[in-house]
Amino acid sequence: MNYNEVFCEVNKLLKSHVDNGTVASYIPELQKVSPDKFGVHLCTVDGGNFAFGDSEEKFSIQSISKVLSLTMAFEIEEDKLWKRVGVEPSGNPFNSLVQLEYDEGIPRNPFINAGAIVIADVLVSKLKKPKEDFIKFVRQLSGNNQIDYSDRVAQSEKSKGHRNAALCNLMKSFGNIENDIDEVIDFYFDLCSIEMTCSELARTFLFLANYGKDPVSGNKIISSSKSKRINAVMQLCGLYDEAGEFSFKVGLPGKSGVGGGIAVVHPGKYSMVVWSPRLNKKGNSNKGVRFLEEFTSYTESSIF
Ligand code: GLN
């Protein structure tokens, strides 16, 4: 399929779509991004690359990195991991404190903030140099040694990160955080601060479209069983309290971030990233969701 043509056609369909979303402002640095940026990149498992718009511009991947930290922690901890974090959709905002109290410090899933903070805690415990070791892993997945954290974005989030600190403290009180709170939270902010282009991020997610094996390098990153499970969690939890609607409209496992990116995979076929910074009320890219909905409808192809 010539996806470049499909992108043009889908973009035409969205011409009349009025985007009333707003750029994330609770992380001051994110507010500086031009709201009307729009990029798409798709990598097929057999080596095809298709792009549209601002696909070569770096953006803050934010929560999309939670898929990569989960991949690393799952590989280290195996099924022990699921004693500390669940795999159920939350049906609540990604930073909810109320639900965490109710669930006695065991987050519903690894993609809400509390769950990703537990994953960060696991990595702080198990890696010799968490920050260095994690970015090395991301560079391996992306085949790109230039991928890096943004200290500017991490510091900006830290300056306003009281709610995430509250989640971490609450979990510590329930005995679900092993390390020092500041160390865990700083590492969590670092994870969220990674910057990539749509093409770099789509390339990074390719192993999840290929049953755990990177089709470009030939490296086996994780088992096909783990790849299935990570995609399943993305399907059910990747867009927080919009996961059901996203599944209904798009029909692919996906993960969003408040930087406006959404990464999706179609196992056996492709990985794809869309980026548009204006967010809807659930904190997901407004145009990104619309584009993916029209894309899977136009191509008549989803996992269902
Ligand atoms: N760093 C952001 C936060 O913790 C990530 C949230 C997101 O991308 N949904 O609030």
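Values for this structure:
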| item | result |
| --- | --- |
| Residue match in region 117-124 (condition: assigned to a loop (DSSP other than H, G, I, E, B) and closer than 17 Å to residue 77 by Cβ) | no |
| Selection within region 128-150 - over 11 Å from residue 187 (Cα atoms) and touching a residue at least 24 places away in the same chain (Cβ under 8 Å) | 135, 137, 138, 140, 141, 142, 143, 144, 147, 148, 150 |
| When residues of region 210-254 are limited to those that are of a type in the set (D, E, K, R) and in contact with a Phe, Trp or Tyr (Cβ under 7 Å, 6 or more places away or on another chain), the one farthest from residue 273 (Cα to Cα) | 226 |
| Residue count, region 161-191 (criterion: in contact with a helix residue (DSSP H, G or I) (Cβ under 7 Å, 6 or more places away or on another chain), outside any helix (DSSP H, G or I) and closer than 20 Å to residue 97 by Cβ) | 3 |
| Enumeration of residues in region 1-36 that are within 16 Å of the ligand (Cβ to nearest atom), open to solvent by 90 Å² or more (accessible area, probe 1.4 Å) and not in a loop (DSSP other than H, G, I, E, B) | 22, 31, 32 |
| Count - residues of region 81-97 that are over 16 Å from residue 168 (Cβ atoms) and either within 16 Å of the ligand (Cβ to nearest atom) or in a loop (DSSP other than H, G, I, E, B) (or both) | 8 |
| Selection status of residue 39, among the small types (Gly, Ala, Ser), away from the ligand (no atom under 16 Å from the Cβ), at pLDDT 95 or above and open to solvent by 10 Å² or more (accessible area, probe 1.4 Å) | no |
| Close pairs from region 175-191: first over 18 Å from residue 105 (Cβ atoms), partner in a loop (DSSP other than H, G, I, E, B), Cβ under 6 Å, at least 6 apart | 190/149 |
| Any chance residue 63 is in contact with a strand residue (DSSP E or B) (Cβ under 7 Å, 6 or more places away or on another chain) and within 16 Å of the ligand (Cβ to nearest atom) | yes |
| Conditions (1) within 16 Å of the ligand (Cβ to nearest atom); (2) closer than 29 Å to residue 220 by Cβ; (3) of a type in the set (A, V, I, L, M, F, W, C); (4) part of a helix (DSSP H, G or I); number of the one not met by residue 137 | (1) |
| Residue 97 touching a residue at least 60 places away in the same chain (Cβ under 8 Å) and farther than 21 Å from residue 226 by Cβ | yes |
| Residues of region 43-73 classified as hydrophobic (A, V, I, L, M, F, W, C), open to solvent by less than 10 Å² (accessible area, probe 1.4 Å) and within 13 Å of residue 204 (Cβ to Cβ), total | 5 |
| Any hit, region 74-90, residues being within 23 Å of residue 153 (Cα to Cα) and crowded, with 23+ Cβ neighbours inside 10 Å | no |
| Restricting region 242-292 to residues that are charged (D, E, K, R) and in contact with a Gly (Cβ under 9 Å, 6 or more places away or on another chain), the residue that is farthest from residue 57 (Cα to Cα) | 242 |
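The values are calculated or read from the model by the stated rules, or taken from the named source; none is laboratory data. Quantities reported herein were computed from a predicted structural model and do not represent experimental measurements. Positions of Cβ are backbone-derived with ideal geometry, glycine not excepted, and every protein chain shown enters the neighbour counts. For accessibility, only protein heavy atoms count, side chains too; no ligands or nucleic acids. Shrake-Rupley method; radii C 1.70, N 1.55, O 1.52, S 1.80 Å.
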